[in-house]
Amino acid sequence: MTFLKSLFRSKAATSNQIEVLDKETYKKEIAKEEVQLVDVRTPKEYKGGHLAKAVNIDFFHHGSFRTAFEKFDKEKPVYLYCRSGQRSLKAAKKLISWGFTKVYDLEGGILNWQKTEK
């Protein structure tokens, strides 16, 4: 019983550290100075259009993905996005496991961003 409680508690703690933001909130947050904004899509997807100030770190290149994040400040907020929100949520979970404390994800990814921008 204690094992199950600790298991569920650890999952809750992890999910509480990743905040999925709606487009308007995300937009306000990434407008701030010195934002750690990351597009986790492939380079081809990134070249097809990305948010201003975003750096591209391909989630599917696992070795270089982790190495790239070693240069980031783990105490500062990191804002992630991908095409639809699935990859960036997986990436967010990895960042939390690596010790990042403030990780934010764009709800619905860039598809949602573009849909509501038109």
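Every number in this text was worked out from the coordinates using simple rules, so none of it is lab data. This is a predicted model, so every value here is computed, not measured. Neighbour counts are summed over all protein chains in view; Cβ atoms, including those assigned to glycine, are modelled from backbone coordinates with ideal geometry.
Could you give the size of the charge dipole of the range 29-72 about its Cα centre, using +1 on the Cβ of each K and R and -1 on the Cβ of each D and E, expressed in debye and rounded to the nearest 20?
Details: 7 positive and 7 negative charges, 33 e Å.
Computed about the Cα centre, the dipole is about 160 debye.
For the pairs K32/K93; K27/K102; K32/K74; K28/K71; K27/K53, flag any whose C-alpha to C-alpha distance is greater than 21 Å.
Working: K32/K93 24 Å; K27/K102 16 Å; K32/K74 17 Å; K28/K71 24 Å; K27/K53 12 Å.
As for pairs spanning more than 21 Å Cα to Cα, those are K32/K93; K28/K71.
If you add up the charges near V40, with Lys and Arg at +1 and Asp and Glu at -1, over every other residue whose beta carbon is less than 11 angstrom from its beta carbon, what do you get? Working shown, then result.
Working: positive: R41, R83, R87, K90, K94; negative: D39, E45, D58, D105.
So the surrounding residues net to +1.
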